[in-house]
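What follows is a set of notes on a single structure, which appears directly below.
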Amino acid sequence: MKNSFIYAAFAGLTLLPLTAMAQKTAIDKSIEEKEAVSHFRYLAADELKGRDAARPEINIAGRYIAEQFRKYGASPIDVEDSYYQSVPLRLSAPPKSGQLQLGTEKLIQGESMLVLDGKSLEGAYEMEVAGYGLEEDLEGKDVTGKILVVRVGGPEKMGPSQLFAAGRKKLALAQEKGAVALIEMYNLNNPPWPLLLGYLNKPQLMLADDDKPEDAGIPYIWAKDLDGSLIKSIDQGDIDQAAVAINGKVNKAITSNNIVAVVEGTDNELKDEYVMLSAHYDHIGVGTPNAQGDSIYNGARDNAVGTVAIINAAKYFAENPPKRSILLCAWTAEEKGLLGSAYFAEHPMVPLDKIIYNLNIDNGGYNDTSIITVIGLGRTTADHLIYEAVDEFGLSAEGDPSPEQGLYDRSDNVNFAKKGIPAPTFSLGFTAFDEEIMKYYHQAADQVDNFDMDYAMKYWKAYLLTAEKIANTDEKPNWEKGDKYEEAGKALYGDK
Ligand SMILES: [Zn+2]
């Protein structure tokens, strides 16, 4: 990395084409501090209540972004002249009460059990124990009309997000096989049960079924069984029935919006290709007050600052269109599980194989204003363009300092990487996930008034120049050989 940086720095000094200088000058002229900071202050304002995708105030942010796109001259894709892609979501809130009687053991909602999804249910049912509840575990078993009882997770160790994803698959399978409910017996130390109670015993948002937005399906329950004794007793037949009482389970359809616009490219052939510039504009809303009594989580770093970069891109590229077309996307509900981008990846407004690159922008925070951290640096053949662009604004591009955090797979870019589109995330500079980051990361203190605006300006401009270089490059970027997503790329674009 160091070597290529030195190379890029030299290339920047000695071989810099005149056009590149002109581009930097044009960016400096187009992006005015007062104007950009005003967008930033608006999006991170208290009045927007932390841009929670489950609250109505997020629509004020969405409207604002759409009207900036309109004002600056980026075009809607939709024939109805709308910048919105509506994303059908379902809100699943915990039941008013929930109980599960297993023999002499009584489990209670919010204490020893969690109803994670599904409808209310009342009655006594037979149970069937089936390993982890995978296809092979269910082979030869009849679960029709019964409660399916399985172990949480799978044969291999899983992280929290994998546990949830696996659970969702098991749930779909259980429902398909005719079970009346799915109980996953929780026997893991990590994440610890009390933490799960805090995190999961509250309303959750998820993508809704397009046709049946309010259909919640069968109850999906996690039951605390740390020593594995309950599942053993059920399996041995010592406990033969479950009495379930889940009352007042709330499932509500909600529509949220991705905000999407396009700036057409200037090259007759290349304009059919898109460079997608994306940022999530939602944040985590209103929460526990901090020591100062502030309960509004403004999300300046996460991710009002990235959203402003997309608004700036609408202005700059409408004035200075590059060869390829620019697709501008502001995603909703990233904080609820990358939902807006996941929906777009399944319902793209332009063909996915025409999107040659996704330069996503998302942030936790920063602790080094001399660098830009690019999550996914080293994975695509466009790296030299990133190094060059960032260098021109007196910063240096660095890779992910905390791979153990799994940041690449925790932002919207991953939904497109999975489809094969080269997709790094352009982030504020950080050298470690340290105290300085945690002071603001998902905290009420993440506000505009403690943000370094000189750095914000450089960050926004470096992002634009990077995007411009990629949109103009003759050589179409691709995955580096051997990357986890290289095969997906070949499948999407064709093997060349
Ligand atoms: Zn976040």
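Looking at Val308, is it hydrophobic (A, V, I, L, M, F, W, C), touching a Ser or Thr at 6+ places or on another chain (Cβ under 7 Å) and assigned by TED's automatic domain parsing to the domain that holds Ile60?
No.
Of all residues in the range 101-118, how many are closer than 16 Å to Leu200 by Cα and not aliphatic (A, V, I, L, M)?
Final tally of qualifying residues: 6.
For Ser411, state whether it is at pLDDT below 95, small (Gly, Ala, Ser), on the phi < 0 side of the Ramachandran plot and surrounded by 21 or more Cβ atoms within 10 Å (Cβ to Cβ). Talk me through it step by step, then tell me what you get.
On the way: at pLDDT below 95: yes; small (Gly, Ala, Ser): yes; on the phi < 0 side of the Ramachandran plot: yes; surrounded by 21 or more Cβ atoms within 10 Å (Cβ to Cβ): yes.
Here the answer is yes, as Ser411 does meet what is asked.
Take the conditions surrounded by fewer than 24 Cβ atoms within 10 Å (Cβ to Cβ), of a type in the set (D, E, K, R) and within 16 Å of the ligand (Cβ to nearest atom) and apply them to Lys315. Does it pass?
The answer is no for Lys315.
For the range 241-280, which residues satisfy the criterion of being in contact with a Ser or Thr (Cβ under 8 Å, 6 or more places away or on another chain) and within 16 Å of Leu359 (Cβ to Cβ)?
Within the range 241-280, Ala261, Val262, Val263, Gly265, Glu273, Tyr274, Val275, Ser278, Ala279, His280 meet the criteria.
How about the range 228-287: which of its residues are among the charged types (D, E, K, R) and within 16 Å of the ligand (Cβ to nearest atom)? Steps first, answer last, please.
So in the range 228-287, the residues among the charged types (D, E, K, R) come out as 232, 235, 238, 240, 249, 252, 264, 267, 269, 271-273, 282.
Residue satisfying the conditions is Asp282 alone.
Check Phe69 against each of (1) modelled with pLDDT under 95; (2) surrounded by 15 or more Cβ atoms within 10 Å (Cβ to Cβ) and name the one condition it does not meet.
Condition not satisfied by Phe69: (1).
Do any strands (runs of 3 or more DSSP E) entirely within the range 314-393 hold 1 or more residues that are more than 17 Å from Ala417 (Cβ to Cβ) and assigned by TED's automatic domain parsing to the domain that holds Arg63, and if so, which?
325-331, 371-375
Report, by residue number, each residue of the range 288-307 that is within 16 Å of the ligand (Cβ to nearest atom) and farther than 22 Å from Ala54 by Cβ.
Selection gives Val305 alone.
Does Pro192 count as within 22 Å of Gly110 (Cα to Cα) and either under 27 Å from the mean Cα position of the chain (by Cα) or surrounded by fewer than 21 Cβ atoms within 10 Å (Cβ to Cβ) (or both)? Lay out the reasoning, then the answer.
On the way: within 22 Å of Gly110 (Cα to Cα): yes; either under 27 Å from the mean Cα position of the chain (by Cα) or surrounded by fewer than 21 Cβ atoms within 10 Å (Cβ to Cβ) (or both): yes.
Criteria met by Pro192.
I'd like the full set of residues that are within 15 Å of the ligand (Cβ to nearest atom) and either at positive phi or touching a Gly at 6+ places or on another chain (Cβ under 7 Å) (or both), limited to the range 318-336.
Trp331, Thr332, Ala333, Glu334
Pairs only if they're at least six apart or on different chains, beta carbon under 6 angstrom, first in the range 360-385 and free of Cβ contacts under 8 Å to residues at least 60 places away in the same chain and within 16 Å of the ligand (Cβ to nearest atom), second among the aliphatic types (A, V, I, L, M) and outside any loop (DSSP other than H, G, I, E, B); list them, first residue then second.
Cβ pairs passing all conditions: Ile375/Leu407.
Given the residues Tyr463, Tyr408, which is the only one that is within 16 Å of the ligand (Cβ to nearest atom), part of a helix (DSSP H, G or I), closer than 27 Å to Tyr343 by Cα and touching a helix residue (DSSP H, G or I) at 6+ places or on another chain (Cβ under 9 Å)?
Just a single option satisfies the conditions, and that option is Tyr408.
Do the conditions hold for Ala174, that is, is it touching a Leu at 6+ places or on another chain (Cβ under 6 Å) and farther than 26 Å from His442 by Cβ? If you could, list the steps in order and put the result at the bottom.
Details: touching a Leu at 6+ places or on another chain (Cβ under 6 Å): yes; farther than 26 Å from His442 by Cβ: yes.
Criteria met by Ala174.
Take the range 32-66 and flag every residue that is under 23 Å from Leu464 (Cα atoms), buried (at least 20 other Cβ atoms within 10 Å of the Cβ) and of a type outside the set (Phe, Trp, Tyr).
Passing the criteria: Ala36, His39, Leu43, Ala44, Ala61, Gly62, Ile65, Ala66.
For the range 394-405, which positions are assigned to a loop (DSSP other than H, G, I, E, B) and either free of Cβ contacts under 8 Å to residues at least 24 places away in the same chain or out of contact with any strand residue (DSSP E or B) (no Cβ under 8 Å at 6 or more places or on another chain) (or both)?
Gly394, Ser402
Quick test for you: out of Ile77, Ile65, pick the one residue that is β-branched (Val, Ile, Thr), part of a helix (DSSP H, G or I) and assigned by TED's automatic domain parsing to the domain that holds Gly337.
Ile65
The values are calculated or read from the model by the stated rules, or taken from the named source; none is laboratory data. What you are looking at is a predicted structure, and each value in this text was computed from that prediction instead of being measured. Please note: Cβ atoms are built from the backbone with ideal geometry, for glycine as well, and neighbour counts cover all protein chains shown.
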